[in-house]
Amino acid sequence: MALGRQAWLEARETIQSILSDTNSVLRDDENLRKLAFVNRSKATMHLPATIGDYTDFYSSIHHATNVGIMFRGKDTALLENWKHLPVGYHGRASSIVVSGVPVRRPWGQVKADEAKEPEFVPSKLMDFELEMAFFVGGKENELGKPIPIDNIEEHIFGMVLMNDWSARDIQKWEYIPLGPFLSKSFATNISPWIVTMEALKPFIVANTKQDPPPMKHLHHSDDFNFDIELAVSIKPKDSNVDYTLSKTNFKYLYWTIKQQLAHHASNGCNIRPGDLMGSGTISGPTPDSLGCLLELSWRGQNPVKLGDSGQTRKFLVDGDEVAIKGFCYDKKTNIRVGFGECRSMLLPAL
């Protein structure tokens, strides 16, 4: 990852060649195949990299607008800065875990609307956030030197699925004036396999139209948006069924990942290989394409049905298993690129 784009391309081409049915290296050597391949059912997945720093953006205009309407009303749904820069916050890298690792309901300070004082209790409003994230690669930029957006692609290695767990009641009480802290830092899950940007090139689509036009240091003329189908489901405790709650698409993001990284480095912040950059909740324009329960239940006012199970959710309950899945598909070539899944169970508070 740190070696740079030329090494990434060479490694990809070499792996593709070795796995090709026209290459005899593995095809004709049974002993080598036994050493090279592990049965998936016997494999333990790990984080794909040692994550140095983690930043989460807030790049979906649909999500930002919906949340703004809930808490500020339609007239001030989007804050003044939102269309001028990719809003983000610095997250906690130490609590990022791979898909399959369960997450425990956190304790924190909350204050009910009718309460006079806050209390320290387990969160009652647990939520998922359907996100994607990209890993930074290439050489670290020198502290104090921004990365020009024209060169930024050399620092974007590949993408994973991400669930940015959120404790909404803790978040509501703590987020003013500096944004989320303990409501997010307790856990984040990502999928174990990184899909490289080279593999995603066939699925590039037009960037979202931006009005007003971005500043010069955030402007790129090439398309760098991706048609990635995404879905999130809940499997209740003691159930064998994943109930799909929402289907959305990465292409709905307002800010591109080039703009996110260029903005991050625009003040001279040094960005290192292995750093992780989250997209923010990915919501689409329709009620069935929203990326979190906060939106799907509209702040808990409209319970969400879990298929024909007879169960509903305003927010997550202990034992719920959340799964985020994603793939790209080209109908013309019949090529499909999968991201696997990002799955984790919510455990009770200690």
Original post:
Checking Y175 against (1) surrounded by fewer than 17 Cβ atoms within 10 Å (Cβ to Cβ); (2) aromatic (F, W, Y); (3) under 23 Å from R343 (Cβ atoms), which test does it fail?
Top reply: (3)
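Please tell me if G179 is on the phi > 0 side of the Ramachandran plot and in contact with a helix residue (DSSP H, G or I) (Cβ under 6 Å, 6 or more places away or on another chain).
Working: on the phi > 0 side of the Ramachandran plot: yes; in contact with a helix residue (DSSP H, G or I) (Cβ under 6 Å, 6 or more places away or on another chain): no.
No.
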Subject >> Candidates P212, P236, P273 - the one that is out of contact with any Phe, Trp or Tyr (no Cβ under 8 Å at 6 or more places or on another chain) and over 19 Å from L290 (Cβ atoms) >> reply: P212
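For (1) farther than 20 Å from E153 by Cα; (2) surrounded by fewer than 18 Cβ atoms within 10 Å (Cβ to Cβ); (3) at pLDDT 95 or above, each residue gets a yes or a no:
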| position | (1), (2), (3) |
| --- | --- |
| F181 | yes, yes, yes |
| K184 | yes, no, yes |
| I194 | no, no, yes |
| K201 | no, yes, yes |
Original post:
Given the conditions (1) more than 30 Å from D318 (Cβ to Cβ); (2) under 18 Å from the mean Cα position of the chain (by Cα), which single one is not true for K184?
Top reply: (1)
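Please go through segment 41-64 and pick out each residue that is crowded, with 17+ Cβ neighbours inside 10 Å, touching an Asp or Glu at 6+ places or on another chain (Cβ under 8 Å) and not charged (D, E, K, R). Write out each step before concluding.
First, the residues of segment 41-64 that are crowded, with 17+ Cβ neighbours inside 10 Å: 48-49, 51, 53-64.
Now drop any that are not touching an Asp or Glu at 6+ places or on another chain (Cβ under 8 Å), which leaves 51, 53-56, 63.
Passing the criteria: I51, Y54, T55, H63.
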**OP:** Please tell me if V67 is surrounded by 13 or more Cβ atoms within 10 Å (Cβ to Cβ), in contact (Cβ under 8 Å) with a residue 24 or more places away in the chain and among the hydrophobic types (A, V, I, L, M, F, W, C).
**Re:** yes
**OP:** Find all pairs meeting these conditions: Cβ atoms under 9 angstrom apart; at least six residues apart or on different chains; first residue within segment 70-95 and at pLDDT below 95; second residue assigned to a loop (DSSP other than H, G, I, E, B) and of a type in the set (D, E, K, R).
**Re:** F71/R299
Original post:
What is the residue count in segment 223-257 for residues that are surrounded by 23 or more Cβ atoms within 10 Å (Cβ to Cβ) and either free of Cβ contacts under 8 Å to residues at least 40 places away in the same chain or in a helix (DSSP H, G or I) (or both)?
Top reply: 2
Original post:
Name the pairs whose Cβ atoms lie under 7 Å apart, with the first residue in segment 1-21 and loosely packed, with under 13 Cβ neighbours inside 10 Å, the second among the basic types (K, R), and 6 or more positions between them or separate chains?
Top reply: D21/R27
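Determine if segment 117-125 includes at least one residue that is acidic (D, E), over 30 Å from P285 (Cβ atoms) and either at pLDDT below 95 or out of contact with any strand residue (DSSP E or B) (no Cβ under 6 Å at 6 or more places or on another chain) (or both).
Quick first cut of segment 117-125, residues acidic (D, E) only: 117, 119.
So of that shortlist, the ones also over 30 Å from P285 (Cβ atoms) come out as 117, 119.
Now narrow it down to the ones that are either at pLDDT below 95 or out of contact with any strand residue (DSSP E or B) (no Cβ under 6 Å at 6 or more places or on another chain) (or both): 117, 119.
Checked segment 117-125: at least one residue is acidic (D, E), over 30 Å from P285 (Cβ atoms) and either at pLDDT below 95 or out of contact with any strand residue (DSSP E or B) (no Cβ under 6 Å at 6 or more places or on another chain) (or both).
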Original post:
Among (1) under 18 Å from G91 (Cβ atoms); (2) out of contact with any Cys (no Cβ under 6 Å at 6 or more places or on another chain), where does L161 come up short?
Top reply: (2)
**OP:** Considering only segment 70-84, state which residues are more than 17 Å from F57 (Cα to Cα) and among the basic types (K, R).
**Re:** R72, K74
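In a loop (DSSP other than H, G, I, E, B), farther than 27 Å from A11 by Cβ and not polar (S, T, N, Q): does that describe K184?
Working: in a loop (DSSP other than H, G, I, E, B): no; farther than 27 Å from A11 by Cβ: yes; not polar (S, T, N, Q): yes.
So K184 does not fit the description; no.
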**OP:** Within segment 138-177, track down each residue that is acidic (D, E) and assigned to a helix (DSSP H, G or I).
**Re:** D150, E153, E154, D169, E174
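Identify, please: which residue in segment 109-152 is of a type in the set (G, A, S) and within 26 Å of D169 (Cβ to Cβ) and is, among those, surrounded by the fewest Cβ atoms within 10 Å (Cβ to Cβ)?
From segment 109-152, those of a type in the set (G, A, S) are 112, 115, 123, 133, 137-138, 144; that's our starting set.
Right, trim to within 26 Å of D169 (Cβ to Cβ) and you get 112, 115, 123, 133.
Working: A112: 13, A115: 9, S123: 24, A133: 27.
Top of the filtered list is A115.
The values are calculated or read from the model by the stated rules, or taken from the named source; none is laboratory data. Since the model is a prediction, treat every value here as computed from it, not as a measurement. No Cβ is skipped: glycine too gets one built from the backbone with ideal geometry, and neighbour counts run over all protein chains shown.
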